[in-house]
Every structure is written in C-alpha cells, then in structure tokens.
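What follows is a single structure, written as structure tokens, with notes after it.
The values are calculated or read from the model by the stated rules, or taken from the named source; none is laboratory data. This structure is a prediction, so every number in the text was calculated from the model and none was measured. Glycine gets a Cβ as well: all are built from the backbone with ideal geometry, and neighbour counts include every protein chain shown.
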Amino acid sequence: MSQTKVWLDDIQFITVDAADIQRPFTLTVKSPTTSYTAAYQQMVNGGSWLYFIDIEVDVSRDLTVEINDISYPVYLRGVVRSDAFDKAFRADDLEYGAIPSDSATLFRVWSPVASSINVKIDGARYAMKKLDRGVYEFTLHKNAHGASYVYEATIYGEVEQIVDPYAKAVTTNSLAAVVYDSTQVRSHAFDTSTRPKVRHLQNSVIYELHVRDATIHPDSGVTHKGKYLGLTERHTNTSDGYSTGLSYIKELGVTHVQLLPLNDFGRVDDLAPDDMYNWGYDPLFFLTPEGSYSTDPTDPFNRIIELKEMIAAFHQEQLSIIVDVVFNHVFIMEESPFEQLVPGYYFRYDHEGQVSNGTGVGNDFASEKRMGRAFILHAIDYWLSHYQVDGFRFDLMGATDIETMQQIISRCEQEPEPVMLLGEGWELATALPYEEKTTSYQSEKVPGLRFFNDVFRDTLKGNTFDFYEYGYVNGKGRYIERMEQLFKGSSDESLAFPPFVSHVTQTINYVEVHDNHTLWDRIDSANRNEDLLDKQEMQKLATAITILSQGVPFIHAGQEFFRTKGGDGNSYISGDEVNALDWERRSRFEKDIAFIRSLLEVRKKYDVFRMHTKAEINQRFHPLQTPAPVFGFTLLASKQDFVVYVNPTKRRYQIQLPATGDWSVLASNKRKETNIVGEFFELDQYECFVAKKSRL
C-alpha cells in the first residue's frame with residue numbers, strides 16, 4: 001500500500017498509481033472546503049487508473065483521496081503545466097533567495113508541490129513556514145553573510161536536497177548556495193567606475209569575446225591568463241611588442257564587448273579548469289559568476305569581486321559590456337533546481353506530454369510561465385543593477401516568448417544609458433505557438449530588440465550549413481541582387497529582395513560568431529583552389545561590408561586577423577589549443593588589422609554610415625551604375641558625398657565616379673594613394689574602396 005500514489009495530472013483528471021489494491025469505480029476527492037466525485041475512466045500505462053472529475057478542482061487547496069478507507073494526499077503533477085496552476089500560485093511580486101539585512105536573513109523559496117521544506121544553514125536544519133501561493137519562508141535572526149545553505153524539500157513523499165536557483169553566490173562547483181550581502185563585498189575599482197555614455201545604440205560596434213579565450217594564449221603577455229583579471233591588465237603585449245588583451249580591443253575601435261556566458265555553468269571543474277573547456281552554454285546558476293574564471297574559486301565572493309573589476313576595467317576604457325544570457329534551457333533538466341522544486345513546471349511539454357526540445361539540448365525553459373518569466377526578469381534586473389552591465393545577448397531567443405522579451409525591453413528602458421538588446425531570432429521547433437516566439441519575422445512587435453541577421457551572413461559567405469555553397473565575397477559576386485538590401489540595413493520593403501527586420505535599428509550585421517566555422521576556416525577550405533592572399537582579401541571584404549552596412553556591425557574576436565580553429569565547426573568543449581585567441585596571428589597580420597581599424601574610424605567619424613531610419617537612408621543612399629558583380633553606392637551627407645565600391649573578383653574594373661573632383665580615399669585594402677582626382681579610377685581585384693568629396 002505504501003507504493004500507492006495519487007496525482008492531479010489535469011484540472012479534471014486524477015491518476016492513481018496502485019500496486020495491489022482493489023480499484024474503486026468512484027473516488028471522493030476532498031479539500032478543506034469541499035469534495036469532488038471522480039469517476040473511473042480507464043487503465044493507463046499498464047497499471048495506473050485514470051479518473052475524471054466533472055468540475056474543475058481548486059488546485060490551490062490541499063487535496064486528499066480515500067481508497068478503501070485509507071486517505072492519500074493528491075500530488076500536483078501534470079496540472080502544474082495548466083493555466084489554473086499558474087494563476088493559483090502566482091507569486092511573482094516577491095523577492096526570492098537569501099535576503100540579508102543588518103540583523104536578519106530571510107530565506108524564501110517557491111514550491112507549491114512541496115509538503116514541507118527545511119533550510120540547512122551551515123549544516124543546521126530549520127523548518128520553513130508554508131505561506132499561501134506555494135511560498136516558504138524562514139527568518140534567521142542574524143546577518144548570515146558567508147553562510148552556506150541548501151533547501152531540503154519533501155516533494156511527492158521524497159526528500160530532495162536543492163541548491164537555491166536564486167543563489168547569488170555558491171561554493172566551489174556549486175554544491176551549495178552562499179548568503180551574499182553586497183554591502184560587505186566591495187571593489188573600489190567597480191564602485192568608482194561609471195557606465196560609458198552612449199548617445200545612440202546605432203553608433204555601436206560589437207566585439208564578441210570569450211573570457212578564457214581572450215588571454216589564455218602563451219603569447220598574450222597577460223599574467224592572469226584565462227581569468228576575469230586577465231582582462232583588467234593594460235598595456236600587455238606579444239613577444240614582438242604588439243598590443244594584446246584589453247588595450248588591443250580598445251585600440252581596435254569597437255564600442256561594446258559581448259562576452260560569452262559569465263554566469264555559473266557546467267562541465268568545467270572550478271578547481272581544475274585546465275582539464276576541461278566550455279563556452280558556457282550549459283547554465284547552472286544564473287545569478288552567480290562562473291568560478292573557473294576566478295583566481296580563487298574556493299572563496300565564493302572572489303569571483304564576484306574579480307568579475308566586477310573586469311567590468312570596471314572595460315568601463316574605464318569607455319567600452320560597454322554585453323553579457324550572453326542563456327534563458328532558453330538548463331544544462332541537465334533533471335538536476336536543475338527549477339525541476340527539483342516544481343517538477344514539470346519550468347519546462348515546456350508538447351501535446352503528447354514529452355519534454356519539448358526545440359533548443360536541441362534536451363529541454364526548453366518555459367519563459368511564458370509566470371514564475372519562469374519572473375525569474376528571467378529578476379536575472380535581468382540583477383545583472384543591470386548589481387553588475388552594471390550595458391546589454392544582453394539572448395541565446396536561441398526564438399525559444400523565448402515575445403511577452404517576456406517585451407517586459408525585458410521595458411525594464412531596460414528604465415536605465416539611464418541605452419541598453420543593447422540582441423539575440424538569435426531563429427524559428428525553433430519548441431512547444432510554443434508561432435505567434436508567441438521572438439523571431440525576426442515578428443520584429444515589429446519588439447522594436448527595442450536587435451536580431452542576428454543570418455541572411456546577411458549567408459549572403460556574404462554562403463549558407464552556413466552548406467560548407468561548399470558560396471556567397472558574394474567568395475563566389476565571384478553571387479547574390480549581388482541582395483547587396484542593396486544589405487547595405488541599406490535589411491529593412492527596405494520596396495526592394496525586390498525582402499527585408500529581414502522591420503527597422504534598420506534591429507539588424508545585427510555579421511559573418512562570423514563563436515558558433516560554426518570561423519570565416520577563415522570556411523573560406524580556406526571551401527575556396528581551397530584560390531590563392532592564399534586572395535582568400536585573405538575575400539575575408540577582409542566580408543568584414544568591410546559588415547562594418548559599412550547600415551545597422552550595428554558585429555565582429556567575432558580574431559576575425560580581423562583571420563582567426564582559425566583548425567577547421568573545428570563546433571568548438572564548444574574543444575579546449576584551449578583550438579579556441580585560444582592566437583596573439584601570434586595578431587602580430588603577423590597587423591596591416592590587415594589596420595584596414596579594419598580604418599573602416600571603424602570611418603563609421604565612427606561620419607554618421608551617414610549609421611543612420612537611424614529608413615526614410616533617412618532612402619534619402620541619402622543611392623546605388624551606382626557599376627559593372628557586375630561590382631557593387632557601389634553613394635551616401636549624400638549635408639556637405640559631403642561618400643562612395644563605397646566592392647569588387648568580389650580577381651578582375652580589375654574601370655569605375656566612373658558619380659561626380660568629377662578631388663576624392664579623398666578614406667579606406668582601401670589595396671591602394672596607398674590618398675586622393676583620386678577626376679571622374680575615373682581603376683578598382684583593384686578584391687578591393688573595398690571608400691572615399692569622400694566635399695560638395696560646394
């Protein structure tokens with residue numbers, strides 16, 4: 001009889017798992033205020049009984065069932081995925097976790113399915129008080145800063161030890177949460193730094209970087225290799241004397257550094273980080289910094305201080321920080337505190353009752369659930385207020401519902417400086433209605449959000465998932481019919497090739513990110529019969545088009561010096577030998593980097609390269625007559641004319657400029673002369689040419 005369990009799997013369905021008792025035809029389901037009659041329907045799963053209740057049950061009440069004069073609790077199981085459960089137990093107006101004050105520490109956790117919860121603080125067990133809406137609380141009458149704690153929850157008759165999902169600090173390898181009083185953990189550098197001033201986000205240039213990759217290379221010249229502190233070191237150099245690390249990034253001319261996940265993630269042992277590598281897309285605790293990047297992971301506050309010092313160092317260099325957040329899944333669902341506290345609630349299920357896997361990693365976080373959304377919004381608020389970050393990149397954003405993203409946008413609009421929000425708006429096969437997914441097809445619903453433009457990417461280099469398909473820069477001008485749309489910001493409905501987003505302020509233009517092959521590895525292999533120098537020029541063309549197109553350009557770290565991962569197209573756990581940013585290449589390709597710097601300087605200096613509206617672009621942007629597949633256009637500023645020409649072939653072309661005069665060459669990967677006088681010039685093979693002329 002002890003094996004008998006009764007489950008509420010829907011608002012009107014009871015399932016009885018009974019090993020060896022006689023099946024009754026009806027059940028009486030009791031709550032403190034009423035009773036319900038449940039009629040037998042059928043046997044399911046080879047031994048369980050399904051009963052139907054003719055009216056909807058009040059899920060907020062404790063339910064029991066009597067079977068053969070024995071009373072059994074009714075556990076909330078499948079019903080946790082119902083709207084009724086979400087409404088009955090909504091408690092998103094409260095703060096959760098360990099909340100210290102001068103003389104007390106409040107512990108608060110949410111688990112409507114738990115029959116009791118204890119909190120173990122430094123090994124001492126305390127019973128938590130059950131309140132309404134599934135909330136449990138306990139107040140320790142002292143400031144418990146530094147104390148470790150876990151929850152001990154009785155759920156479905158079984159006792160689970162659970163680490164607080166709202167933990168803001170954890171012990172080594174996340175075995176327990178730690179009470180964190182931020183007033184007792186200070187960083188002078190962080191406390192005295194301020195966010196960079198941002199006039200308009202359209203002025204941004206994003207540089208994607210992994211904390212460990214950035215400095216782990218033997219020739220990085222950095223002392224704290226692979227650590228948060230490695231990116232605080234200034235004036236570091238290669239053995240040849242070329243700048244590295246933070247100073248190099250500052251010199252390059254970008255405005256925002258997007259860091260792969262900084263929060264606590266799986267696979268890497270905090271105490272032996274050299275034994276394993278991870279990009280960070282296996283999230284464990286979302287409010288806690290990753291321990292393997294700290295110099296002392298045994299101190300739960302060391303990682304907090306060092307992360308803050310890294311952020312402060314970037315801010316002091318007027319570089320904004322974007323953090324990569326992974327709200328679409330967790331590392332291992334069954335081991336996640338979300339699943340342990342409320343089994344079945346925080347994750348999506350399809351119509352057949354199977355865990356949704358649109359993310360491809362085994363689970364999809366249910367952002368549309370009230371308490372799931374509340375957690376995400378709390379995380380956004382915490383990283384903004386506590387770590388003073390300047391933006392968020394949303395991994396697999398298409399798996400997050402639009403309402404959640406809209407609320408994130410609203411929260412970020414409260415900040416004194418504009419917050420950069422961007423994400424992967426892919427259409428994913430997650431168990432969420434199409435119209436609720438945050439995809440690029442629905443960009444008009446989220447005007448404050450930018451989308452990674454995969455059409456831009458694949459137009460320039462070929463389909464990412466078809467290694468031997470060619471694009472504009474490595475396929476002799478293939479897709480030239482798309483180039484006007486790309487250069488104009490991928491939002492013009494009047495062109496034959498359709499737009500990617502609703503507004504020019506929503507496109508993130510890129511050809512390379514941490515995912516898939518680096519651009520160099522792709523071109524080097526796909527164009528294997530081409531000359532080495534020609535392949536390098538193809539890559540420079542792709543980066544140049546990225547920078548010169550309307551929208552926000554995005555550069556993967558090392559792209560500017562032909563980063564290679566040895567052909568590895570999925571290096572998420574491939575180690576430092578593959579992933580380390582090779583600073584020797586930075587030394588070798590300084591001239592190529594200088595070309596990228598010159599383009600970034602042009603974009604920064606002349607606002608006609610970073611316009612804010614389609615109307616302004618249509619007024620100032622005009623394509624030019626050129627021999628195919630050369631593409632050229634002019635930009636009309638108030639007192640100056642600009643021209644851009646791109647030649648994706650090994651031929652030279654005679655080009656007629658839109659007007660005769662004295663044209664100043666602003667950037668070129670081929671020519672040294674600084675002026676062209678007259679109306680004609682020869683465009684070199686694989687050349688990107690940018691020039692301006694004053695208008696009298």
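Say whether the condition of being among the charged types (D, E, K, R), part of a helix (DSSP H, G or I) and either at pLDDT 95 or above or farther than 25 Å from residue 73 by Cα (or both) is met by at least one residue in region 191-206.
Within region 191-206 (the criterion being among the charged types (D, E, K, R), part of a helix (DSSP H, G or I) and either at pLDDT 95 or above or farther than 25 Å from residue 73 by Cα (or both)), the answer is yes, since at least one residue qualifies.
Of the conditions (1) β-branched (Val, Ile, Thr); (2) surrounded by fewer than 19 Cβ atoms within 10 Å (Cβ to Cβ); (3) part of a loop (DSSP other than H, G, I, E, B), residue 57 clears all except one; give me its number.
Tallying (1) β-branched (Val, Ile, Thr); (2) surrounded by fewer than 19 Cβ atoms within 10 Å (Cβ to Cβ); (3) part of a loop (DSSP other than H, G, I, E, B), residue 57 fails exactly one: (2).
If we scan region 578-599, do we find a residue that is part of a loop (DSSP other than H, G, I, E, B), outside the structural domain of residue 649 (by TED's automatic domain parsing) and within 27 Å of residue 664 (Cα to Cα)?
Within region 578-599 (the criterion being part of a loop (DSSP other than H, G, I, E, B), outside the structural domain of residue 649 (by TED's automatic domain parsing) and within 27 Å of residue 664 (Cα to Cα)), the answer is yes, since at least one residue qualifies.
Out of everything in region 156-186 that is aromatic (Phe, Trp, Tyr) and closer than 19 Å to residue 340 by Cβ, what residue ends up being surrounded by the fewest Cβ atoms within 10 Å (Cβ to Cβ)?
156
Within the group 26, 33, which residue is outside the structural domain of residue 132 (by TED's automatic domain parsing), of a type in the set (S, T, N, Q) and within 24 Å of residue 155 (Cα to Cα)?
Going through 26, 33 in turn, the sole match is 33.
Look through region 335-356, keep the residues that are part of a loop (DSSP other than H, G, I, E, B) and without any contact (Cβ under 8 Å) to a residue 40 or more places away in the chain, and return whichever of them is surrounded by the fewest Cβ atoms within 10 Å (Cβ to Cβ). Write out each step before concluding.
So the first thing to find is which residues in region 335-356 are part of a loop (DSSP other than H, G, I, E, B), and the list is 336, 342-346, 348, 350-354, 356.
Now drop any that are not without any contact (Cβ under 8 Å) to a residue 40 or more places away in the chain, which leaves 346, 352, 354.
Working: 346: 24, 352: 6, 354: 10.
Per the criteria, the residue is 352.
In region 289-323, what residues are among the charged types (D, E, K, R), out of contact with any Gly (no Cβ under 7 Å at 6 or more places or on another chain) and not in a loop (DSSP other than H, G, I, E, B)?
Scanning region 289-323 gives 306, 308, 309.
Tell me, which helices (runs of 4 or more DSSP H) wholly within region 438-556 include 2 or more residues that are touching a strand residue (DSSP E or B) at 6+ places or on another chain (Cβ under 6 Å)?
Per the criteria, 483-487, 532-548.
Please determine whether any residue of region 76-84 is in a strand (DSSP E or B) and either touching a His at 6+ places or on another chain (Cβ under 9 Å) or within 25 Å of residue 159 (Cα to Cα) (or both). Give the derivation first.
Let us first name the residues in region 76-84 that are in a strand (DSSP E or B), namely 76.
Keeping just the survivors that are either touching a His at 6+ places or on another chain (Cβ under 9 Å) or within 25 Å of residue 159 (Cα to Cα) (or both) gives 76.
So far as region 76-84 goes, yes, one or more of its residues are in a strand (DSSP E or B) and either touching a His at 6+ places or on another chain (Cβ under 9 Å) or within 25 Å of residue 159 (Cα to Cα) (or both).
Which condition from (1) more than 30 Å from residue 492 (Cβ to Cβ); (2) more than 19 Å from the chain's Cα centre (by Cα) is the one that residue 557 breaks?
(2)
Of everything in region 21-53 that's without any contact (Cβ under 8 Å) to a residue 12 or more places away in the chain and assigned to a loop (DSSP other than H, G, I, E, B), which residue is surrounded by the fewest Cβ atoms within 10 Å (Cβ to Cβ)?
Restricting to residues being without any contact (Cβ under 8 Å) to a residue 12 or more places away in the chain and assigned to a loop (DSSP other than H, G, I, E, B), the top hit is 46.
Return the residues of region 624-644 that are farther than 17 Å from residue 610 by Cβ and either of a type in the set (Lys, Arg) or in a loop (DSSP other than H, G, I, E, B) (or both); say none if nothing qualifies.
Scanning region 624-644 gives 624, 625, 626, 627, 628, 629, 630, 639.
Within region 207-252, track down each residue that is among the small types (Gly, Ala, Ser), assigned to a loop (DSSP other than H, G, I, E, B) and over 23 Å from the mean Cα position of the chain (by Cα).
220, 221, 239, 241
Of (1) closer than 29 Å to residue 349 by Cβ; (2) surrounded by fewer than 16 Cβ atoms within 10 Å (Cβ to Cβ), residue 421 satisfies all except one. Which?
With (1) closer than 29 Å to residue 349 by Cβ; (2) surrounded by fewer than 16 Cβ atoms within 10 Å (Cβ to Cβ) applied to residue 421, the lone miss is (2).
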